[in-house]
Amino acid sequence: MMDSSLVRARWAIAASFVVMGLVIGAWVPHVPLVKERLGVGPGVFGLALLSIAGGAVLAMPLTGVLVGRYGSRRMTVSTGLFFTLAFLLPTAAPTLTSFLLGGMLMGMGIGSMDVSMNAHAIAIEKRRRRPVISMLHGIYSLGCLAGAVVGGVLIEWLGPGAQALITSALCLCLLLGAARFLLPGSADKGQSGAHFAWPTRATIGLGLLCYLALMIEGSVIDWAAILMREKFAVEAGIAALCFAAYQGGMALSRLTGDWIRLKAGAVPMVFVSALLTALGTALGLIAPTPGLAIAAFALAGLGVGNIAPVMFAGGGRLEPTAPGRGIAAVTTLGYTGFLSGPPLIGFAAQVTGLNIALFLTVIAALIIAVFASAVKAADTY
């Protein structure tokens, strides 16, 4: 019989993943409204949005150190509260300068909460001796979907300000309600007196593979619909189905990923997942009709969905005395890939065309398959 406290902790950390998904999803319908309010062109606004990403990347390594010192329980709650409040800043920013500051603070909330809650998820995995992290990432994906849909409706009914306040208040209540069920702070304090230290070579190697995994995700998410429009001259709604199919495949794979990993092991799972990613993406790029392309990208989503979560789990176990630092290294490199992948594909597309440029993601998936053994630490409990 499983300890009831572990069951409660599992659902409590799931609430944190839901909160992050809801807030990020609720942010999506604000983006065009903020651009209109600031009155800037797409180029300037695109650069301004990088303040969110920059804040996340800056916060992740520091959070790894703080998790080691204070434990993931305290960091999950405190960074979650910070994130849900910081979300209000860019939604209401009246000037470009205030948006840059608010966006950076929101990004720091994203990055620090991401590291903290993944560290707590890995602490729960160790105690349960069963994987949970893929399911949590699947719940996050569902939270993003719900946040975007409900958030869009609330903006239409009540306006952007009210939508942001309702989202933030709801998520604060959810976080505070779940906080008391998390594992105790002593679960993963690790080297509580340690200062910053570089991650190990193995952790950096795993982080580089995570860079490739999230580079694939970010590139396909940003460019697949554009590819559909250019290649098949379809309507925007049909092109968007490619994105929906890819995200749907990712969500499905994550919700079933823990069971698969328990039965097959992390290394075979990542190996097969990487091959499915390469196969699905390649078929999507050579498909002669829109329907076949959409089906192929759904297959690619099924493949790629579980790769990064398993790598996060491996990062936390490669440094058992400082799991937060290991997760921070892997997530920082992974998030960098998510951000840099789309521009790299864009630069390549200027020379080769978008269809050929996206084959770089196929190559990246094959590299992950070759080095899949790097994730074996994810099965260490």
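The values are calculated or read from the model by the stated rules, or taken from the named source; none is laboratory data. Since we're looking at a predicted model, the values are computed, not measured. Glycine also receives a Cβ, built like all others from the backbone with ideal geometry; neighbour counts cover every protein chain displayed. Please note that ligands, DNA and RNA were not included when accessible areas were found on the heavy atoms of the full protein model with its side chains. Shrake-Rupley method; radii C 1.70, N 1.55, O 1.52, S 1.80 Å.
For the chain, what are the DSSP H helices with axial Cα length of 15 Å or more and mean Kyte-Doolittle hydropathy of at least 1.6? Span-like helices here: 160-179, 266-286, 290-304, 359-370. Under the convention that each Lys and Arg Cβ holds +1 and each Asp and Glu Cβ holds -1, the size of the dipole of the range 209-260 around its Cα centre is about 60 debye. What shape does the range 57-216 have by the C-alpha gyration tensor, where a ≥ b ≥ c are the square roots of the eigenvalues, rounded means a/c under 1.5, and otherwise prolate means a/b greater than b/c and oblate the rest? Note, shape of the range 57-216 comes out prolate. Partners of Lys126 within straight-line reach, counting aspartates and glutamates whose Cα lies under 14 Å from its Cα and excluding those fewer than 8 residues away in the same chain: Asp3, Asp188, Asp258, Glu319, Asp379. Semi-axes of the equivalent ellipsoid for the range 216-280, computed as √(5λ) from the eigenvalues of its C-alpha gyration tensor and ordered from largest down, come to 29, 12, 8 Å.
Before I look further, what does the range 59-216 give for accessible area per residue, probe 1.4 Å, in whole square angstrom? Computed with neighbouring chains in place, this is 42 Å² per residue. Here the scattering of the chain is modelled by Debye summation over its C-alpha atoms, one equal scatterer each and no solvent; at q = 0.11, 0.14 Å⁻¹ the log10 of I(q)/I(0) is -0.75, -1.23. Pair-distance distribution of the range 243-297: all C-alpha pairs, bin width 5 Å, starting at 0; shares per bin in whole percent are 4, 19, 23, 23, 15, 10, 4, 1. Across the options Leu100, Pro290, Pro131, the greatest Cα extent toward the positive end of the charge dipole of the chain (unit charges at beta carbon of Lys, Arg, Asp, Glu) belongs to Pro131.
Working from Cα pairs under 8 Å separated by at least six residues, relative contact order for the range 277-322 is 35 percent. For the chain, carbon and sulfur atoms together expose 73% of the accessible surface, with a 1.4 angstrom probe and every protein chain in place.
Between Gly337, Gly284, Gly353, the residue with the greatest mean-square fluctuation in the GNM of the chain (Cα pairs under 10 Å linked by springs) is Gly353. Would any residue of the range 1-43 have its amide N under 19 Å from a label point 7 Å out along Cα→Cβ of Arg180? List them or say none. Within reach of a label on Arg180, which here means backbone N under 19 Å from a point 7 Å along Cα→Cβ, the range 1-43 contributes 4-16.
Evaluated with a Cβ-only charge set (Lys, Arg +1; Asp, Glu -1), the range 1-125 carries a dipole of roughly 180 debye about its Cα centre, given to the nearest 20. Applying D = kT/(6 pi eta Rh) to the range 257-381, where Rh is the Kirkwood radius over alpha-carbon pairs, T corresponds to 20 °C and eta to 1.002 mPa s, the Stokes-Einstein value obtained is 139 µm²/s.
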